[in-house]
Amino acid sequence: MERYEKPSVTVDIVIFTIKDNDLKILLVKRGIEPFKNMWAIPGGFVRIEESLEEAAKRELEEETSVRADYLEQLYTFGEVNRDPRGRVITVAYFALIKSEKISKLKATADVIEAKWFSAFKLPKLAFDHEKILEYAIKRLRWKFEYTTVVFSLLPEKFSLTELQKIYEIIFDKKFDKRNFRKKILSLNIIEKTKERQKNVSNRPPQLYKFKKKIGEIVEII
């Protein structure tokens with residue numbers, strides 16, 4: 001086995017949140033070569049003593065100081081020339097984080113700045129990260145269609161309007177209010193609470209709570 005060259009392995013974490021009525025992605029400005037001063041997906045090399053998921057969680061916490069509400073392996077990117085430093089294979093993950101959990105972003109030693117960008121208006125990215133992000137958004141939308149991951153971005157108690165708004169942000173389109181609510185209520189995945197939303201000018205909307213396991217397969221839309 002020693003006669004075979006050994007590639008390096010990294011993890012890249014596409015971090016999504018809903019902020020300012022927009023789908024946001026966390027990017028970092030690189031402070032070292034290659035691609036110094038360019039924006040990139042947070043990530044780093046996998047240590048010998050840790051698993052891929054452990055590496056992804058560590059990198060995520062180093063970049064945001066929080067743990068993800070949802071973390072899933074996305075895809076493995078292994079084009080031969082994707083990294084000018086040598087043969088580097090990256091295992092990409094995507095994470096969902098409630099925006100209220102992130103009070104201040106933390107930059108690491110090799111990062112100049114960490115910043116949220118709209119998923120629909122991104123800067124030029126380092127490495128093959130544009131390709132990774134494109135795939136991540138496709139996977140995220142698929143997850144929202146067929147699983148319950150949306151509830152990892154909602155507070156414990158939420159209105160149907162809040163739920164629909166997240167879907168409209170993710171898919172960048174409007175949904176018919178009546179049909180959307182009818183479908184959601186028919187799935188038996190949420191239940192009414194005894195509370196109504198506070199601090200609203202009109203009649204306070206009913207609040208609901210999720211009653212299934214995050215990530216279950218359910219055809220939502």
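Bear in mind these aren't lab numbers, they're just calculated from the coordinates by the rules spelled out. Because the structure is predicted, anything quoted here is derived from the model rather than measured. Positions of Cβ are backbone-derived with ideal geometry, glycine not excepted, and every protein chain shown enters the neighbour counts.
For the chain, take the longest principal axis of its alpha carbons; what is the angle in degrees between that and the long axis of helix 129-146, to the nearest 10 within 0 to 90? Taking Cα atoms only, the helix is inclined about 30 degrees. For the chain, the Cα-based Rg and Dmax, in that order, read 19.3, 72 Å. Place a point 7 Å from Cα of Glu168 in the direction of its Cβ. Which residues in segment 23-54 have their backbone N less than 16 Å from it? Counting only backbone N, you get 23. Among residues other than Glu191 whose Cβ falls under 9 Å from its Cβ, what is the net charge (Lys/Arg +1, Asp/Glu -1)? Counting the neighbours of Glu191, the net charge comes to +3. Helix 52-64 and the long axis of the chain differ in direction by around 70°, with both axes built from C-alpha atoms. Exposure proxy ranking for Thr193, Thr17, based on other Cβ atoms within 10 angstrom of each Cβ and starting from the fewest, stands as Thr193, Thr17.
Considering every pair of different Cα atoms, what Kirkwood radius, in Å, is found for segment 8-136?
Numbers: mean 1/r = 0.0685 Å⁻¹.
Hydrodynamic radius (Kirkwood, Cα pairs) of segment 8-136 is 14.6 Å.
Ranked by how many other Cβ atoms sit within 10 Å of their own Cβ, fewest first, the residues Lys101, Lys174 fall in the order Lys174, Lys101. Between Ser99 and Arg139, the modelled labels are 2.4 nm apart [label points 7 Å from Cα along Cα→Cβ]. According to a simple spin-label model (label point 7 Å from Cα along Cα-to-Cβ), what is the distance in nm between Thr161 and Tyr75? In this crude spin-label approximation the distance works out to 3.7 nm.
Computed from backbone phi, the HN-Hα couplings of segment 9-26 come to 10, 10, 10, 10, 10, 7, 9, 9, 8, 9, 8, 6, 6, 8, 7, 10, 10, 7 Hz, rounded to whole numbers (Karplus: 6.51 cos²θ - 1.76 cosθ + 1.60, θ = phi - 60°; Gly and Pro given as x). Taking 0.36 nm per residue of sequence separation and removing the Cα-Cα distance, the Ser8/Tyr146 pair yields an extension gain of 46.3 nm.
Please report Asp22, Asp83, Asp176 as a ranked list, fewest other C-beta atoms within 10 angstrom at the top and most at the bottom.
Working: Asp22 15, Asp83 20, Asp176 10.
Taking fewest neighbouring Cβ atoms as first place, the list is Asp176, Asp22, Asp83.
Here the calculated FRET efficiency for Ile217 and Ile112, from their Cβ-Cβ distance with R0 = 41 Å, stands at 0.50, rounded to the nearest 0.05.
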